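Asks: Attaching a single structure in structure tokens format; questions to follow.
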Amino acid sequence: MKKCKIQKFWKHAKFLSEVMGYKLVPVGFVKVRFRVINPLDRERFVDVDGIVDTGAIYNVVGRSLLESIDLKPVERRRFKAFGGEVEREVGIAEVELMGRKGA
């Protein structure tokens, strides 16, 4: 199943390149180190290495890292993903990146 989707992607990319005249360029990953802070106990935090997704609305962090700073999920939400829909638990945390903080 996964292989079929990848093949469809490359077929589409080839069409864009050859027929439509788009130039395909390799894309790199931007990696950062950021801090996830428990907003109820700011002394509890974990530093995480992650990949930047400029189109993302949510941060995705492994459960074990969040449990290590005593963060608990507050609800379950359904998300549209590449392969369909997934349901995930979400919680509230503060994030610090390059000296700036946000939720």
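Asks: Quick check on the range 40-81: of everything there that is surrounded by 11 or more Cβ atoms within 10 Å (Cβ to Cβ) and aromatic (Phe, Trp, Tyr), which residue is nearest to Val95 (Cα to Cα)?
Replies: Phe45
Asks: Answer yes or no: is there a residue in the range 55-62 that is more than 15 Å from the chain's Cα centre (by Cα) and not charged (D, E, K, R).
Replies: no
Listed here are the residues, each with its yes/no results for (1) modelled with pLDDT under 90; (2) of a type outside the set (A, V, I, L, M, F, W, C).
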{"site": "Met20", "(1), (2)": "yes, no"}
{"site": "Val46", "(1), (2)": "no, no"}
{"site": "Val74", "(1), (2)": "no, no"}
{"site": "Lys80", "(1), (2)": "yes, yes"}
{"site": "Glu96", "(1), (2)": "no, yes"}
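The values are calculated or read from the model by the stated rules, or taken from the named source; none is laboratory data. Only a predicted model underlies this, so the values are computations on that prediction, with no experimental measurement involved. Glycine also receives a Cβ, built like all others from the backbone with ideal geometry; neighbour counts cover every protein chain displayed.
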